[in-house]
Amino acid sequence: MSDIEYYEDIRYQEFLLSSRRKLICPPDYIMEQIDISHTENLVDFGMGLGFFTNYLKKYMPPSSHLWGIEYQQEILDLVLKRKVTEEIENFTPFHMEKSEHPLLPEWIPVPDVIFAAMCLSTFPDPGLAMDGLVRSMKKEGRLIVIDWVKADYPETPPIKYKVSLDKMKYLAEYYKLEVTHTFRVTEFVYGMELISTKDFVYGIYNFRD
């Protein structure tokens with residue numbers, strides 16, 4: 001058994017940045033399914049090597065800010081180098097410790113959108129991860145999830161690591177989140193958009209108030 005998880009393998013991260021990935025996960029199509037045209041602060045949660053960075057920037061207002069979160073320091077260093085080389089403005093990549101119930105740090109502005117691509121399925125309980133992310137947003141904020149369909153495909157993660165759309169919806173609803181939009185990107189990828197419901201309790205975790 002490997003000493004590292006599949007998503008920590010640099011070869012997998014490089015695939016996520018490749019032209020092959022664009023065929024099975026076309027970014028422009030995904031951007032057309034979500035509306036980020038009025039976003040002020042967007043968090044790319046688990047950004048990896050930054051496959052979606054330029055696409056998110058393309059569809060966000062020029063004055064808005066993109067915050068990229070990555071827990072693997074080696075990958076974060078590569079993204080920081082890329083930021084300087086490509087002179088990407090209004091973009092702040094930063095390190096965040098891995099946690100089963102992630103809460104964003106208080107020093108960043110409260111995001112109105114969190115974008116999580118191919119990362120929630122890596123959590124032991126994706127619903128708990130959704131819960132933590134929603135607690136870190138404005139109450140009217142949106143969580144956008146892009147993930148792998150639970151089917152075999154050579155370059156994607158093993159099927160045992162994938163979470164189906166139906167299971168992801170069930171977990172979201174279990175944590176009092178409303179699924180407002182779902183869409184199929186390709187036969188390998190799906191998307192969903194969530195908000196907190198009136199029954200969602202921020203409780204002691206609502207450190208933003």
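Strictly over 32 Å apart at the Cα level, which of LYS58/LYS138; LYS83/LYS169; LYS138/LYS162; LYS57/LYS138 would you flag in this model? Pairs exceeding 32 Å: LYS83/LYS169. Averaging 1/r over each pair of different alpha-carbon atoms in segment 6-205 and inverting the result gives 16.9 Å, the Kirkwood hydrodynamic radius.
Highest mean packing first, where packing is the average number of other Cβ atoms within 10 Å per residue, the peptides 48-60, 28-40, 111-123, 68-80 line up as 111-123, 48-60, 68-80, 28-40. Take the Cα of ASP125, step 7 Å toward its Cβ, do the same at ASN90, and the gap between the two points is 3.7 nm. Fully extending the segment from HIS38 to TYR202, taken as 0.36 nm per residue of separation minus the present Cα-Cα distance, adds 56.6 nm. Taking a virtual spin label 7 Å from the Cα of GLN73 along the C-beta vector, which residues in segment 84-123 bring their backbone nitrogen under 14 Å of it? Backbone N within reach: 95-98.
Spin-label pair ILE108-PHE183: with each label point 7 Å from Cα along the Cα-Cβ axis, the two points sit 2.3 nm from one another.
Taking other Cβ atoms within 10 Å as a rough exposure proxy, VAL189, VAL179 sort from fewest to most as VAL179, VAL189.
Every read-out reported here was derived from the displayed coordinates using simple, explicitly stated rules and does not represent laboratory data. Since this is a predicted model, take the numbers as computed values, not measurements. No Cβ is skipped: glycine too gets one built from the backbone with ideal geometry, and neighbour counts run over all protein chains shown.
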